[in-house]
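Chemist: Before I ask anything, let me first share the structure, which is written out below as structure tokens.
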Amino acid sequence: MQIAHRISASNRRKKWQLFLQAFAPTPDSSVLNVGFSDREYSPTDNFLEKHYPYRRRITALGIEEPTQFRRRYPDVDVVRYDGKRFPFADKSFDLVFCMAVIEHVGGSDRQLQFLREILRVGKSAFITTPNLYFPVEVHTRTPLLHFLPDRVFHAYLRCIGKAWATGDHMHLLSAGRLKRLLADAGCEAYQLTRNRLLGLTLDFVVVVHATTNDKQAGLPV
């Protein structure tokens, strides 16, 4: 388990460097963090709140009651919503940050709606998600588990105390499926980076810059 946590921490630091390269933080930039965790299970949870240098410019959005989150991050604005339409006007934020959330929002239709909301409210976007075809299921650290039938997958999750991930809660994406979602959401130009572990793609990072997002939305740039 300690090895898994170290790998996860190293991978998130790598993604954080990609984020800093793509979007140089400034005190004036407004950031929406989609998918905060009220209860933190590891040091990598709520990664943006822990590392972003201008925390007062962050708005955290999620479906949980933010009881513990508010105590930990009192300088972050936090909004709870129903998991559907984001409660913000178009282009409300300079950047939407979404790390490993889209695989948890439901099936293809819900993922598409979720992605459209990210592109609607943000001028830019930074989105990450695990690779379906990585041989280890990253949430349980179990080899090949996610290739088994759903009934076996869900039974195992219940046995290890992760029943929260059963039902319609985990839909991992391949590169092809992620690209199709982006196309269906109207996002034609983006940067897709593959983070690798031992030569295999562990997860994907999608960067959409403001000029790209504004063009696909028909806004002046």
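Chemist: Which cross-chain or sequence-distant (5 or more) residues have an amide H under 5 Å from the amide H of Thr129, H modelled 1.01 Å from N in plane?
Modeler: Ala100, Phe204
Chemist: Hey, another quick one. Taking a threshold of 24 Å on the Cα-Cα distance, which of the pairs Lys14/Lys84; Lys84/Lys123; Lys14/Lys50 fall above it?
Modeler: Lys14/Lys84
Chemist: Sticking with this structure for a sec: Could you give the length gained on full extension between Glu65 and Arg85, defined as 0.36 nm per residue of separation minus the Cα-Cα distance, in nm?
Modeler: 5.5 nm
Chemist: 222 nm [θ] for the chain, helices only, -39500 (n - 2.57) per DSSP H run of 4+, per residue, to 500? Could you put the intermediate results ahead of the total?
Modeler: Working: 7 runs with 73 residues, N = 221.
Calculated mean residue ellipticity at 222 nm is -10000 deg cm²/dmol.
Chemist: Along the stretch 138-143, what does the Karplus equation 6.51 cos²θ - 1.76 cosθ + 1.60 (θ = phi - 60°) give for ³J(HN,Hα), rounded to whole Hz, x for Gly and Pro?
Modeler: These are the phi-based 3J(HN,Hα) values: 6, 6, 10, 6, 10, x Hz.
Chemist: Dipole of the chain (Lys/Arg Cβ +1, Asp/Glu Cβ -1, origin at the Cα centre): which of Val138, Phe69, Gly107 lies farthest to the positive side?
Modeler: Val138
Chemist: Between Tyr41 and Glu188, what's the calculated FRET efficiency when r is the beta-carbon distance and R0 is 25 Å? Round to 0.05.
Modeler: For Tyr41 and Glu188, the calculated efficiency is 0.10.
Chemist: Right, another one. Placing unit charges on C-beta atoms (Lys and Arg positive, Asp and Glu negative, everything else neutral), compute the dipole magnitude of the chain about its Cα centre in debye, rounded to 20.
Modeler: 460 debye
Chemist: Please report the spacing between the Cα centers of the stretch 168-198 and the stretch 45-81 in Å, no decimals.
Modeler: 25 Å
Here, each number is a calculation from the coordinates, and none is a lab measurement. Just so you know, these numbers come straight off a predicted model, no measurement behind them. Cβ coordinates were reconstructed from backbone atoms using ideal geometry, including for glycine residues, and neighbour counts include every protein chain displayed.
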